[in-house]
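Structure first, commentary second.
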Amino acid sequence: MRKRMIAILMLLILVLGGCKGNTSNGNNASGDGTGSTDDVNAAELTTLLDTADMFTNRDYEVGYDENESTAIVLKGSTAECSSDAVEVSGSTVTITEEGTYILSGTLNGMIVVNAEKTDKLQLVLNGVSIESETSAAIYILQADKVFLTLAPGSANTLKNGGTFTAIDDNNIDAVIFSKEDLTLNGQGSLTIESPAGHGVVSKDDLVVTSGTYAITAASHGLSGKDSVRIAGGTFDITAGKDGIHAENSDDTTLGFVYILNGTFQFTAEGDGVSAASNLQVNGGNFTLVTGAKGLKAGTALLVNAGSFHIDSADDALHSNGSLTVNGGTFEMATGDDGMHADEQLAITGGTINITKSYEGIEGLTITISGGEITLVSSDDGLNAAGGNDQSGFGGFGGFGGNGEFGGSSDCWIRITGGLLNINASGDGIDSNGMLYVDGGEIY
């Protein structure tokens, strides 16, 4: 009993000490106890990416003039076309010049785009079914940019037969494989089946602005090397790895994901959405069931709006750097943390309901200035802990199992607003450094 009282008194001294140091400035919050506005900048973050030029006007353009377009009729093991810009060799159709091409029919083969590096092409899928037994159904080898448009009301299917056999120096491993910038749009639907690889891959930027997509893939559903950018569309993805994946091992400033809007229903054995660098979500409706993390960022994760239903085996929201939530509604059940950041974690708004977690919200530092948060955790509700992915420091109120104080000047929790309802089997609020409570309601 005496040890318990000492622990409680130590925690009260810690809280009062933190509050005393901030009575003159509501923005002070520093790991060293001196107070610094730099430490709360994460709470003011509204963008990670330059979104002004994220989508071009042509990315949104789904129209085309049939009289000015070239028709390609697919006929089983071959195809017919009257244009010199289209070469038909057995079951391989190669498009070599800029323009708009309307494809229809069935093909047991593949479509190849091999145009000039400055050419822009639009491929309109108007009721096509293409299956390539040993490669990509659509292979974009060279162009400046390709727009893949789903004709209004059309239903289209692209498949791989279960193996990918090399046909050149490129590692073709997706039903749609592009070496160049690729945009998907339109007012039709596209079903993709990839039993041995990815659904869609761009080795540059992958953009989607509209359309309805059903993707089943052994690996990633949608993958972009430089980026994946989504302005709209409906996506039903079952993936053996990530639902959406962006990664550039050559340039760590790239490999980002930006989602403006859309409807996403994913069942993924890996992560729902994974960005090697930054992940920014400005809207959309997400239903994610994942074998790993729900939303994952290697550098920073920012959510400004959206509706999220996440059931994940690992963290629901995870960042190897900072994580900021400015808005949105969240229903999350997870086998690990509801929200985790290796560095700063900030919540300024939103409605967050974590129905199951090991630790509800964890970061090196945690700043909560708004929002409605309800969480259930089998360990701590809020935990500010040093190091990467620290799930559960032992002891009471930051005391280690050896009876010594386990605090760190780099860790702190600051609450200035919001409504928190915490049901924790461990500590309700556990800071392994300083704890500041300047406002809000905490239950």
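The values are calculated or read from the model by the stated rules, or taken from the named source; none is laboratory data. Because the structure is predicted, anything quoted here is derived from the model rather than measured. Here the Cβ is made from the backbone with ideal geometry for all residues, glycine too, and neighbour counts use every protein chain on show. What goes into the accessible areas is simple: the full protein's heavy atoms, side chains included, and nothing from ligands, DNA or RNA. Shrake-Rupley method; radii C 1.70, N 1.55, O 1.52, S 1.80 Å.
Could you tell me how many of the residues in segment 237-254 are among the charged types (D, E, K, R) and farther than 14 Å from Ser194 by Cβ?
Looking only at that region, the number is 3.
Mind checking which residues of segment 250-290 are in a loop (DSSP other than H, G, I, E, B) and among the small types (Gly, Ala, Ser)?
Gly255, Gly262, Gly270, Gly272, Ala276, Ser277, Gly283, Gly284
I'm told Phe235 meets every condition in (1) in contact with a Gly (Cβ under 8 Å, 6 or more places away or on another chain); (2) assigned to a loop (DSSP other than H, G, I, E, B) except one. Can you identify the failing condition by its number?
Of the numbered conditions (1) in contact with a Gly (Cβ under 8 Å, 6 or more places away or on another chain); (2) assigned to a loop (DSSP other than H, G, I, E, B), the odd one out for Phe235 is (2).
Is there a residue in segment 147-170 that is within 24 Å of Lys293 (Cβ to Cβ) and out of contact with any Pro (no Cβ under 6 Å at 6 or more places or on another chain)?
no
Each row is one residue, and each column tells you yes or no for (1) at pLDDT below 95; (2) buried (at least 23 other Cβ atoms within 10 Å of the Cβ); (3) in a loop (DSSP other than H, G, I, E, B).
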residue: Thr106; (1), (2), (3): no, no, no
residue: Val112; (1), (2), (3): no, no, no
residue: Glu116; (1), (2), (3): no, no, yes
residue: Val124; (1), (2), (3): no, yes, no
residue: Ala136; (1), (2), (3): no, yes, yes
residue: Gly153; (1), (2), (3): no, no, yes
residue: Val175; (1), (2), (3): no, yes, no
residue: Leu182; (1), (2), (3): no, yes, no
residue: Ile192; (1), (2), (3): no, yes, no
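In this structure, is Ser91 out of contact with any Leu (no Cβ under 8 Å at 6 or more places or on another chain), free of Cβ contacts under 8 Å to residues at least 24 places away in the same chain and not hydrophobic (A, V, I, L, M, F, W, C)?
no
Mind checking which residues of segment 65-82 are more than 22 Å from Val175 (Cβ to Cβ) and open to solvent by less than 30 Å² (accessible area, probe 1.4 Å)?
Hit for segment 65-82 is Ser69, nothing else.
Just give me the residues in segment 201-221 being crowded, with 24+ Cβ neighbours inside 10 Å and either within 19 Å of Phe55 (Cα to Cα) or acidic (Asp, Glu) (or both), in sequence order.
Listed by number, the residues that qualify are Val201, Ser202, Leu206, Val207, Val208, Thr209.
Do you know which of the residues in segment 251-308 that are closer than 22 Å to Ser202 by Cβ and touching a His at 6+ places or on another chain (Cβ under 6 Å) is most open to solvent (accessible area, probe 1.4 Å)?
Lys296
Let me confirm something: among Gly407, Gly392, Gly401, Gly417, which residue is modelled with pLDDT of 95 or more, part of a loop (DSSP other than H, G, I, E, B) and not basic (Lys, Arg)?
After applying the criteria, what remains is Gly417.
Might you check whether a residue that is at pLDDT below 95, assigned to a loop (DSSP other than H, G, I, E, B), open to solvent by 30 Å² or more (accessible area, probe 1.4 Å) and of a type in the set (Gly, Ala, Ser) occurs anywhere in segment 377-388?
yes
Could you say whether any residue in segment 166-173 is of a type in the set (A, V, I, L, M, F, W, C), closer than 16 Å to Thr134 by Cα and open to solvent by 30 Å² or more (accessible area, probe 1.4 Å)?
yes
List the pairs whose first member sits in segment 169-195 and is touching a residue at least 60 places away in the same chain (Cβ under 8 Å) and under 17 Å from Gln142 (Cα atoms), whose second member is assigned to a loop (DSSP other than H, G, I, E, B) and aromatic (Phe, Trp, Tyr), and whose Cβ atoms are under 9 Å apart, counting only residues at least 6 apart or on separate chains?
From residues that are touching a residue at least 60 places away in the same chain (Cβ under 8 Å) and under 17 Å from Gln142 (Cα atoms), the pairs are Thr183/Phe55.
So which of Val40, Val62 is open to solvent by less than 100 Å² (accessible area, probe 1.4 Å) and modelled with pLDDT of 95 or more?
Only one candidate qualifies: Val62.
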